[in-house]
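A short write-up of the structure that comes next.
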Amino acid sequence: MCATCGCGTEEHSHSHSHTVTMEQDVLAKNDHLAAHNREWLAERGILAVNVMSSPGAGKTTLLERTVHELGTSLAVVEGDQETRLDADRIRAAGAPVVQLNTGAGCHLDAGMLRRALDELDPAPHSVVFVENVGNLVCPALFDLGEGARVVLMSVTEGAGKPLKYPHMFASTDLVLLNKLDLLPYVDFDVAEFTEDLGKVNHSAEVLGLSATRGDGIPEWLDWLRTHPSMAKTGVLR
Amino acid sequence: MHELSVTQSIADAIVAKLGDTKVSVVSLEIGRLSGVVPESVRFCFDVVAEGTILQGARLDIAQPPGRARCRDCSTAFDLDDLILLCPCGSANVEVLSGMELKIKSVEVA
């Protein structure tokens with residue numbers, strides 16, 4: 001019997017073609033690795049936060065500020081196509097960091113996070129921020145095994161983003177609306193933005209902030225502290 | 001361009017299952033709400049397939065349409081995009097189909 005497809009012939013030189021059923025999710029391998037990451041993080045009481053945004057929305061600035069405010073119990077995985085620039089900024093802010101360079105890749109996947117976690121070796125009951133590659137499209141599709149997804153969006157980007165990039169906004173737990181200090185100078189309708197967000201994501205919370213000036217930072221830190229996987233530990237003060 | 005890594009995953013999964021058996025047709029299901037563009041997968045497939053058992057194989061791609069059901073009024077309706085709005089106005093909507101991203105089967109020659 002043919003070992004590949006189970007047909008009656010000895011080997012696969014038969015002249016008739018035949019069908020081998022697969023019924024396999026394309027992202028099954030990534031999802032499997034992500035499930036392992038999730039399990040590994042849960043065993044250690046670690047909250048991994050997948051931070052996604054377009055380039056320049058302020059991810060690294062927000063994380064620098066968060067490191068300054070919370071001090072210890074944080075670690076960061078930095079994803080960029082090239083350079084160690086963001087990792088250098090996080091290290092200077094005082095948190096352990098691992099830089100992932102994806103080269104041509106436009107997103108992080110669960111295997112990359114696995115390798116980064118091995119290198120980072122985060123402490124139990126800590127928070128690991130995963131700064132994904134700046135991109136509002138591709139990262140949405142790849143589960144990393146994170147405990148929470150956060151999309152950072154700045155008011156300089158224009159209000160139509162949730163409808164233009166529905167996959168990204170549909171998959172997030174929290175939207176941080178950054179650069180509120182620039183709101184007086186740009187044409188950005190916050191009410192329209194939250195209404196559009198509601199059309200693609202029924203349950204996401206929205207917090208406004210300015211990572212440079214500090215508006216909304218206490219609310220952001222509270223969101224982290226009260227996240228179900230952090231609330232019990234009392235590690236974040 | 002996540003289609004490149006998606007297509008690479010497709011090729012890896014088929015090679016893992018079939019070893020060195022030459023493949024003539026690959027049948028995929030790419031839902032209309034999946035966030036993956038079939039044309040981009042076709043483009044990437046030629047690149048990924050080169051020098052493997054998939055080289056020269058035909059790609060058959062089925063594209064299941066989006067369907068959703070409202071959690072508030074229970075109406076089921078078609079969904080052309082991920083704007084999750086029920087005709088009743090509610091955004092509390094469950095996607096029933098259209099998110100598929102699957103290798104259905106392959107034909108070996």
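The values are calculated or read from the model by the stated rules, or taken from the named source; none is laboratory data. What you see is a predicted model, and the numbers here were worked out from it, not measured in a lab. Here the Cβ is made from the backbone with ideal geometry for all residues, glycine too, and neighbour counts use every protein chain on show. Note: accessible area is taken over every heavy atom of the protein model, side chains too, but ligands, DNA and RNA are not part of it. Shrake-Rupley method; radii C 1.70, N 1.55, O 1.52, S 1.80 Å.
Here is how the numbers come out for the structure above:
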| read-out | value |
| --- | --- |
| Average partner coverage of B:12-22, which counts Cβ from other chains inside 10 Å | 3 |
| Cα gyration tensor shape of region A:145-226, rounded if a/c is under 1.5, else prolate or oblate by comparing a/b with b/c | oblate |
| Mean Cα-pair separation over length for chain A, i.e. relative contact order, pairs under 8 Å, 6 or more apart, % | 22 |
| Of the GluC sites (Glu not before Pro) in region B:39-94, those whose Cβ has at most 15 other Cβ within 10 Å and which sit in DSSP loop | B:Glu50 |
| Relative counts (whole %) of C-alpha pair distances in chain B, using bins that are 10 Å wide | 15, 38, 23, 16, 7, 1 |
| Loop-located GluC sites (Glu not before Pro) in region A:75-126 whose Cβ has at most 13 other Cβ within 10 Å (DSSP) | A:Glu82 |
| Flagged links, alpha-carbon separation over 27 Å, of A:Lys29/B:Lys104; A:Lys199/A:Lys232; A:Lys59/B:Lys102; A:Lys59/A:Lys161; A:Lys29/A:Lys179; A:Lys164/A:Lys232 | A:Lys199/A:Lys232; A:Lys59/B:Lys102; A:Lys29/A:Lys179; A:Lys164/A:Lys232 |
| Between region A:81-105 and region B:11-32, the Cα center-to-center distance that results, in Å | 36 |
| Alpha-carbon Debye profile of region A:188-237, log10 I(q)/I(0) at 0.21, 0.25, 0.30, 0.32 Å⁻¹ | -0.87, -0.96, -1.04, -1.08 |
| Chain A, helix-only ellipticity at 222 nm - DSSP H runs n ≥ 4, -39,500 (n - 2.57), divided by all residues, nearest 500 | -9500 deg cm²/dmol |
| Accessible area in square angstrom per residue, the protein assembly as shown, 1.4 angstrom probe | 45 |
| Accessible area, probe 1.4 Å, largest first, for residues A:His32, B:His2, A:His227 | A:His32, A:His227, B:His2 |
| Square roots of 5 times each gyration tensor eigenvalue, C-alpha, region A:28-231, largest first, Å | 25, 19, 17 |
| Chain-alone versus full-assembly comparison, region A:159-175, residues with accessible loss of at least 50 Å² (1.4 Å probe) | A:His167 |
| DSSP beta bridge pairing in chain B, given as percent antiparallel to the nearest 5 | 75 |
| Net lengthening on full extension, B:Val47/B:Asp80 (0.36 nm per residue, minus Cα-Cα) | 8.9 nm |
| Solvent-accessible area buried by pairing B with A, both sides, nearest 100 square angstrom, 1.4 angstrom probe | 2700 |
| Protein accessible area in region A:28-231, 1.4 Å probe - carbon and sulfur % | 52 |
| Summed residue charge, Cβ within 12 Å of A:Ala57's Cβ, Lys/Arg positive, Asp/Glu negative | +1 |
| Estimated distance in nm for a label pair at A:His68 and A:Ser17, the labels positioned 7 Å out from Cα along Cα-to-Cβ | 6.3 |
| Carbon and sulfur %, accessible surface of region B:3-108 computed with the full protein complex present, 1.4 Å | 48 |
| Threshold 10 Å², region A:198-213 residues less accessible with all protein chains present than alone (1.4 Å probe) | A:Gly198, A:Lys199, A:Val200, A:His202 |
| Estimated inter-spin distance, B:Ala109 and A:Arg213, nm [label 7 Å along Cα→Cβ] | 6.6 |
| Distance (nanometres) between label positions extended 7 Å along Cα→Cβ at B:Ser97 and B:Lys22 | 3.6 |
| Other protein chain Cβ atoms within 10 Å, averaged over every residue that makes up A:25-36 | 4 |
